[in-house]
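The values are calculated or read from the model by the stated rules, or taken from the named source; none is laboratory data. Please read these numbers as outputs of a predicted model, since none were measured by experiment. Using ideal geometry, Cβ is built from the backbone for each residue, glycine included, and neighbour counts are taken over all protein chains shown.
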Amino acid sequence: MNSLIPLLVAAPLAGAALLLLGGRALDRFGHWLATALAALSFGFGLALFSDMLGREAEHRAVTKHLFSWVPVNGFQADVAFRLDQLSMTFVLLITGVGTLIHLYSVGYMAHDERRRRFFAYLNLFLAAMLLLVIADNYLLLYVGWEGVGLASYLLIGFWQHKPSAATAAKKAFVVNRVGDMGLSIAIMLMFAEFGSFAFTPVFDGAHEASEGKLTAIGLMLLLAACGKSAQVPLQSWLGDAMEGPTPVSALIHAATMVTAGVYLITRSSAIFNLAPDARTAVVVVGAVTLLFGAVVGCAKDDIKKALAGSTMSQIGYMVLAAGLGPIGYAFAIMHLVTHGFFKAGLFLGAGSVMHGMNDEVNMRHYGGLWRHMKVTFVTFGLGYLAIIGFPGLSGFFSKDRIIEAAFAKGGTEGWILGLCALVGAAVTAFYMTRVMVLTFFGEKRWQPDESGELPHPHESPRTMTIPMVLLSFGSVFAGGLFAFHDSFLTWLEPVTGHSEGDSPLSSWTVTGLTTACMLAGVGLAYLMYWRSPVPVVPPVGSPLTRAARRDLLQDDINHAVLVRPGSALTATLVWFDSRGLDGFVNGLAATIGGLSGRLRRIQNGFVRSYALSMFGGTLVLVASTLLMRSV
Amino acid sequence: MIAGLAEATGTTSTGEAVQFWVLAVVAVGGALGMLLMRKAVHSALCLAATMLALAVCYMAQGAVFLGVVQIVVYTGAIMMLFLFVVMLVGVTSEDSLKEQLKGQRFAAALCGLGFGVLLVAGIANAKLDHFTGLSEANAEGNVPGLARLIFTRYVWAFEVTGALLITAAIGAMVLTHREHVKAPKTQRELAAQRVRDNLQVPPLPAPGVYARHNAVDVPALLPDGSPAELSVNATLRERGQVRDVSEDMQRRMAELENATADWLGRASSERPVVAAPRRSLEPAGNHEPEEGEQ
Amino acid sequence: MNPVNYLYLAALLFTIGAAGVLVRRNAIVLFMCVELMLNASNLALVTFSRLHGTLDGQVIAFFTMVVAAAEVVVGLAIIVSIFRTRHSASVDDSNLMKL
Amino acid sequence: MSALLTATCVVPAAGAVLTAALPAGSTEARRRTTKAVALGVSAVALVLAAVVAARFDPHGARYQLTESYSWIRSFGITFSLGVDGIGAVLALLTAVLVPVVILASWHDADPVAPGPDGAGGADGSEAGTIEGKRRTQGFFALILAVEAMVIVSFYATDVFLFYVFFEAMLIPMYFLIGGFGDRAGGPESARQRSYAAVKFLLYNLLGGLVMLAAVIGLYVLAQDQGVATFDLRTLTDAVADGRLQLSGTADKALFLGFFFAFAVKAPLWPLHTWLPNAMGEATAGTAVLITAVVDKVGTFAMLRFCLGLFPDASRTFAPAILVLSLVGIVYGALLAIGQKDIKRLVAYASISHFGFIIMGIFALTSQGQSGATLYMVNHGISTAAWMLVAGFLISRRGSRLIADYGGVQKVAPVLAGTFLIGGLATLSLPGLAPFVSEFLVLVGTFTRYPAVGIVATFGIVLAALYALLLYQRTMTGPVKEGVRAMPDLKARELAVVAPLVALTVLLGVYPRPLTDLVNPSVDATLSQVHRTDPAPVHPVAASSGGERK
């Protein structure tokens, strides 16, 4: 059975290779091939899942050693896989949602002449992501880690003819590289500390290592997570990443890739458990990002950017939870999965809306769409309810647990974090309601496109609606399923471990508070956007709004702090290289040339001066010999 | 007496001393003269004097044969050779005394001085108190002694020098002799040539015409009083030994012409331009030595 | 008088000759100076042969004369041919021997 | 004593002579025969080098397949060849790259404006440009000559022999750079090119002369202690067992003498400024020869000679050299970001990479040195791919300025794709070959000098910047004017790029064959320097998820 594990990766990888090398021949059915391979991988996943359920909790984790990758003395990097409950959760999420989104893309990209390449990239992404989650050592994980970075680079910049897209892609990759730097340093630290970077030895040896080292490793891992999961301070790329086709935003920048950071932290629980300082850093990052994303989400008029903000904030929740340690790991993953469902659903819905509105993204130009695209409306609505944590839907359970855990951290920390989470919940409700209302309700604010005709929205083709429907099922029931008898908790516990914190509030009070906050947010949004008419041109708004529209000045800050000094430095160095170093060398050459030119003058061609020099020479010789004699 | 002179060991007889001082003065004087004289001829003569003095010195030191050879070969042959060349190049041509190599004179003086000092110091340092005279070396006479050496120990060098001399002679010939690549032009051809490029149809003017005194180195005067360089021998022209006609001569010619003109009442336009240099037929310089030969 | 004076005389003459070589510009005079130097060395040789009481010095002086003769012949020939082409016997006029 | 190594060296040399002697390339047909011959010869050399690498037994003696013929007996100089893992791998790399380069520069040596005699044309007027009927023959003969010399210096086990070929390499390289410039050089390309060629020559000659002094000095000192030989093995053994003991200063001085030459060739900051000129002005093929083949001799020699002959000095100077290489890494990357000229950008990227290689060598850990050796190979392959595709691009547009390109991906997707792969390899994307080596180098350095390792890690961010900036500016965005009619890669060009890309992926996924060859030699080198890897603080028994099934 374990022999299936490599196939998880192999199937989509083969698909990518085929589609890229296959050439035009595959244009007709390439997309179906890719979808089939994704589905196949999902099938493998299910098979392994059932196999895993067949064993009892302790023996569910299996490893598969494929071959020794880089054997250098003292340095053993293997291509080995580990499939435990945590990986399995991700495998199913990735392949499942991935397959659905492949399906969706078949319709969405129907009219793009480079569709084959698009699907190749999607398959490549699946392969890399799967490799990331089933790798058995950090170096292999690193391969998948950068692999998804590459895939997201290719997909964000898929419409390369748009300079904005190309720039966004590069930005995403470079920012991620900063995170990757953290990961590689972490690996080096592990190697220097444990002489290995495979999971088992590192986790086994962790308790021997000094806390300082562990904290350092933890912080580096956090840096990596920030990069991949768009957490403050490396969040700036996610908003621009929306330049990519919507399925990409749904799959990579909402459901799977951006959650890799959470996976990394949870996976390294053994290290974080022993490094409280590192955990604190994680929690702080999570809380800040949670609010940051939420605020940004409130101000955006671009529907995808608004959703991106919400993604950021939701992942903030997860990171927060993961930072709480054993109290929160399971809930982090749980929220991750549910979020995977409903956020993917929301994005697909947004895509479907754009599809119907000839790629209009400005919500202020929507309105009253519910009548025209019912399926989209319903699925999107369910996703909406799920994300704001409407009681009974999946978001309710997962988020509620996280907030509880935050309070359960105990002490003032606990209070602060809990309150942050609550506020976040309220704001989430606010901006999601805003999105909902602006898009589907109110009067039509449709604008004519450049060809001058008003859009006539229509429901999307079957290939697009089916995935949305399936995902909405997930967003409705997943939470309940997981929460039922804490099934999810017990499922993950062997990997992450679990401990109940001491919550100052009873779980019911927390639930009540959460719901109240949610209702408050919804109410406020209702008043602002349902009751009062929505202006087509955005009002100036408060300074905060304006800042939020500019992603709270993140880009301006990056520019001021990094880009401008960097380019200045580069320019200086270029000057130095050509004028300084080369100038010195050329100057030397010129000097020598000049000297020899002067020396040449001695050769004046007059016999008598030659004779003179001969005579002088003889004189010197004789004199010196005589002197030698005399002394 | 010469043989006797060569006997002395530690010192020399007063006779030789006297002789030496006289000869030394002559030799050095000659050398300096050669160095300082502006005309090559004078230098040559001074050098000859020096050589003669040296010849006597040789004899005084028992090198009779060398003394004779010195007089015959050097003073006789070589110096004459020099004189020939000097004549060929120009007896009276002088070096301009201004030095155009910067610092050459000074450096030369310095080197010479230094060298002299060195040599003198070297000789002074050497222990040269005991002189074994040539009495027994010259026992059977100087010439046989030399001959024995030359034809026994130095025979090889002797042969080589012989070869050297022959080579030198041939070399000299090769250097000075020049093949005529094309047959020399005949009088007829030259005449035809002159007519063709209508520069100088009549034969060259004879020198000394209208000259105050009849000499080869005085150019003829053309009707307008300007000197005709052509009338002087090419070699003299080469050496720059053309004696120029005095200015007043030309001036008087001009006055004469003008007076005639006044008397005849010619218009100024018809008057000959006074002392206008006639277009010289051949600018001196591109004068081929070949013609100098013919 | 010590015969060494002959050597001093030779040195003096030699120096004068050398100076002449350096100073004079007329090729012919230059040659004369060279001859003078040769003669000076000859004088020294003769004096040495007297010093040692052997005739070798004189023999060598003799050879020197022969060589000098050869040298003069060739040298003058060169001067003549140069004069033919350049119309000058000044060594400074033939200064093409440079870079 | 099989003559396999000699054969491997002689074949390209003979091929060079043969190619040069072929009938003058007046007609297209004759030129084609010339190219075919050159290609065939290089293929044979490839086979031979592969055989050498295959017959090398990693667990056998340090140097194998050794041969020795007496050359200058009076100085104990012999023509002795022998191969260790590192040499075998690098020679193989050379033998792989040369056919590719020949194929890539198929038309680079054609007469510019084919006149009746196939000569003349625009370049004809340019100073230094080799023109005329033998232009084509000359070009390919020179390439083969370079191959022969490089292979000899990889196989040489005699210090003097190595020195001779190390220097002789400059001659053909000089003519390749100065004589066969890049057509896109612009009007004053001739002046630029001769400047570049002379600069290349002077820099390397200077280094070489210093080395010569050191070589002689070494011989003299060794002679004083009764080891009058140039044979590397004898010398290293003598150094190892103390028969040859150099005084501290002498040891340092000689080390610096050798190292200077290698650092110029490598090139190490701040001796690098010849590389951008040379690579910028030369044809893409020549540029690949420079950076991927010739420069490798420098780094290789650091491993074999500096460490082997002067272990103490190596240990003494290692920190300083590490700092220089660190500067080189960051400096090269930053300058690459600032370049306006595609080929110069690649050159500065290479400088950054050479920083990594040298760092790996002088970290004196087995990971670092294995990594450095792999890095030499991987950098050779990946840079070759990147540079050659860039060359194809430039030959299409006739300009080296990045600003002249844009939107190429729209008109020539395959070209753009391969270019992107080259760029990704250069920024050492995991899964591609350079990642393995770069990470090994970083880890190897980190375990001994953590600070250095961390700073060097910034290099990977900068690498991402310059590689992707180049791709973005040239390939993406709206299609620029001069690019519209740009054709995609032709079959020949695909044949050039495909093997390189394949190797990049293959060695990225399964570098095992290389590491198996290299590891024992690296251990031998390290033991020469008396260095052992710093042990992990808390070693864990099972060093990996390895054999657990």
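Which of the numbered conditions does A:Phe67 fail, given that it passes all the others? Conditions: (1) among the aromatic types (Phe, Trp, Tyr); (2) part of a strand (DSSP E or B); (3) within 29 Å of D:Val414 (Cα to Cα).
(3)
Looking at D:Ala535, is it part of a helix (DSSP H, G or I) and either over 21 Å from the mean Cα position of the chain (by Cα) or of a type in the set (A, V, I, L, M) (or both)?
For D:Ala535, the condition - part of a helix (DSSP H, G or I) and either over 21 Å from the mean Cα position of the chain (by Cα) or of a type in the set (A, V, I, L, M) (or both) - is not met.
Looking only at the range B:27-41, which residues are under 30 Å from C:Gly53 (Cβ atoms) and surrounded by fewer than 19 Cβ atoms within 10 Å (Cβ to Cβ)?
B:Val28 - this is the single residue of the range B:27-41 that is under 30 Å from C:Gly53 (Cβ atoms) and surrounded by fewer than 19 Cβ atoms within 10 Å (Cβ to Cβ).
Since C:Arg25 meets every condition but one in (1) under 30 Å from B:Lys102 (Cα atoms); (2) within 7 Å of chain B (Cβ to nearest Cβ); (3) without any contact (Cβ under 8 Å) to a residue 40 or more places away in the chain, which condition does it not meet?
The single condition C:Arg25 does not satisfy is (3).
Please go through (1) closer than 30 Å to C:Gly17 by Cα; (2) facing another protein chain (nearest Cβ under 8 Å) for A:Val620 and return the number of the only condition it doesn't satisfy.
Result: A:Val620 passes all but (2).
Among the residues of the range A:532-570, write down those that are aliphatic (A, V, I, L, M) and assigned to a helix (DSSP H, G or I).
Those that are aliphatic (A, V, I, L, M) and assigned to a helix (DSSP H, G or I): A:Leu544, A:Ala547, A:Ala548, A:Leu552, A:Leu553, A:Ile557, A:Ala560, A:Val561, A:Leu562, A:Val563, A:Ala568, A:Leu569.
B:Thr132 passes all but one of (1) assigned to a helix (DSSP H, G or I); (2) within 8 Å of chain C (Cβ to nearest Cβ); which number fails?
Of the numbered conditions (1) assigned to a helix (DSSP H, G or I); (2) within 8 Å of chain C (Cβ to nearest Cβ), the odd one out for B:Thr132 is (1).
Suppose we filter the range A:525-540 for residues that are under 15 Å from A:Met363 (Cβ atoms) and either among the small types (Gly, Ala, Ser) or exposed (fewer than 10 other Cβ atoms within 10 Å of the Cβ) (or both); how many remain?
Number satisfying all stated conditions: 4.
Please state which one of B:Ala49, B:Ala55, B:Ala109, B:Ala44 is outside the structural domain of B:Ala172 (by TED's automatic domain parsing), part of a helix (DSSP H, G or I), aliphatic (A, V, I, L, M) and surrounded by fewer than 15 Cβ atoms within 10 Å (Cβ to Cβ).
Going through B:Ala49, B:Ala55, B:Ala109, B:Ala44 in turn, the sole match is B:Ala109.
Kindly indicate the residue of the range B:43-66 that is among the small types (Gly, Ala, Ser) and over 25 Å from the mean Cα position of the chain (by Cα) and also nearest to B:Leu81 (Cα to Cα) among those meeting that condition.
B:Ala63
From the list A:Ser184, A:Ser196, which one is outside any helix (DSSP H, G or I) and either surrounded by 24 or more Cβ atoms within 10 Å (Cβ to Cβ) or in contact with a Leu (Cβ under 6 Å, 6 or more places away or on another chain) (or both)?
A:Ser196
Conditions tested, residue by residue: (1) within 19 Å of A:Ala128 (Cα to Cα); (2) within 14 Å of chain D (Cβ to nearest Cβ); (3) within 12 Å of the chain's Cα centre (by Cα); (4) in a helix (DSSP H, G or I).
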site	(1), (2), (3), (4)
A:Pro201	no, yes, no, yes
A:Lys213	no, yes, no, yes
A:Ala216	no, yes, no, yes
A:Ala224	yes, yes, yes, yes
A:Gly239	no, no, yes, yes
A:Pro247	yes, no, no, yes
A:Leu251	yes, no, yes, yes
A:Ala254	yes, no, yes, yes
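Quick test for you: out of A:Val91, A:Val97, A:Val62, A:Val148, pick the one residue that is more than 27 Å from D:Pro434 (Cα to Cα), among the hydrophobic types (A, V, I, L, M, F, W, C), within 14 Å of chain D (Cβ to nearest Cβ) and touching a residue at least 40 places away in the same chain (Cβ under 8 Å).
Being more than 27 Å from D:Pro434 (Cα to Cα), among the hydrophobic types (A, V, I, L, M, F, W, C), within 14 Å of chain D (Cβ to nearest Cβ) and touching a residue at least 40 places away in the same chain (Cβ under 8 Å) holds for just one of A:Val91, A:Val97, A:Val62, A:Val148, which is A:Val62.
With D:Gly417, D:Gly444, D:Gly422 as the choices, which residue is more than 11 Å from every other protein chain (Cβ to nearest Cβ) and on the phi < 0 side of the Ramachandran plot?
Result: D:Gly422 is the single residue among D:Gly417, D:Gly444, D:Gly422 that is more than 11 Å from every other protein chain (Cβ to nearest Cβ) and on the phi < 0 side of the Ramachandran plot.
Go through (1) within 14 Å of chain C (Cβ to nearest Cβ); (2) at pLDDT 75 or above and name the single condition B:Gln241 misses.
Here B:Gln241 clears every test but (2).
Given the structure, is A:Ser499 small (Gly, Ala, Ser), within 29 Å of A:Arg82 (Cα to Cα) and in a helix (DSSP H, G or I)?
Against the criterion (small (Gly, Ala, Ser), within 29 Å of A:Arg82 (Cα to Cα) and in a helix (DSSP H, G or I)), A:Ser499 does not qualify.
For B:Asn142, only one of the following conditions fails: (1) more than 7 Å from chain C (Cβ to nearest Cβ); (2) within 36 Å of the chain's Cα centre (by Cα); (3) free of Cβ contacts under 8 Å to residues at least 40 places away in the same chain. What is its number?
(3)
Could you please find all residues in the range A:373-410 being more than 24 Å from A:Phe292 (Cα to Cα), over 27 Å from the mean Cα position of the chain (by Cα) and not basic (Lys, Arg)?
A:Met373, A:Val375, A:Phe377, A:Val378, A:Pro391, A:Gly392 - these are the residues of the range A:373-410 that are more than 24 Å from A:Phe292 (Cα to Cα), over 27 Å from the mean Cα position of the chain (by Cα) and not basic (Lys, Arg).
Please indicate, with yes or no, whether at least one residue in the range C:63-75 is of a type in the set (Asp, Glu), in a helix (DSSP H, G or I) and at the interface with chain B (Cβ under 7 Å from one of its Cβ atoms).
Within the range C:63-75 (the criterion being of a type in the set (Asp, Glu), in a helix (DSSP H, G or I) and at the interface with chain B (Cβ under 7 Å from one of its Cβ atoms)), the answer is no, since none of the residues qualifies.
From the set of residues in the range D:447-477 that are closer than 17 Å to D:Leu401 by Cβ and touching a Gly at 6+ places or on another chain (Cβ under 6 Å), which is farthest from the other protein chains (Cβ to nearest Cβ)?
D:Tyr471
Within the set of pairs 6 or more residues apart or between chains, which connect a residue that is at the interface with chain D (Cβ under 7 Å from one of its Cβ atoms) inside the range A:156-174 to a residue that is of a type in the set (Val, Ile, Thr) and part of a helix (DSSP H, G or I) with Cβ atoms less than 8 Å apart?
Taking only residues 6 or more apart or on different chains, the pairs are A:Val174/D:Val461.
Regarding A:Gly583, is this residue more than 30 Å from C:Gly20 (Cα to Cα) and more than 14 Å from chain C (Cβ to nearest Cβ)?
Taking the combined requirement at face value, the residue satisfies it.
Per-residue answers, yes or no, for (1) within 13 Å of chain D (Cβ to nearest Cβ); (2) at pLDDT 90 or above; (3) surrounded by fewer than 24 Cβ atoms within 10 Å (Cβ to Cβ):
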| position | (1), (2), (3) |
| --- | --- |
| A:His102 | no, yes, no |
| A:Gly107 | no, no, yes |
| A:Ala110 | no, no, yes |
| A:Glu113 | yes, no, yes |
| A:Ala120 | yes, yes, no |
| A:Asn123 | no, yes, no |
| A:Ala127 | yes, yes, no |
| A:Leu131 | yes, yes, no |
| A:Ile134 | yes, yes, no |
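Before we move on, is C:Glu35 within 7 Å of chain B (Cβ to nearest Cβ) and not in a loop (DSSP other than H, G, I, E, B)?
So C:Glu35 fits the description; yes.
Look through the range A:206-238, keep the residues that are among the polar types (S, T, N, Q) and surrounded by fewer than 23 Cβ atoms within 10 Å (Cβ to Cβ), and return whichever of them is modelled with the highest pLDDT.
By that ranking, first place goes to A:Thr215.
What number goes with the only condition from (1) part of a helix (DSSP H, G or I); (2) of a type in the set (Val, Ile, Thr); (3) under 30 Å from D:Leu364 (Cα atoms) that A:Val79 does not pass?
Result: A:Val79 passes all but (1).
When C:Ala18 is evaluated against the numbered criteria (1) farther than 26 Å from B:Val22 by Cα; (2) at the interface with chain B (Cβ under 7 Å from one of its Cβ atoms); (3) of a type outside the set (Phe, Trp, Tyr); (4) in a helix (DSSP H, G or I), which criterion, by number, is the only one it fails?
(1)
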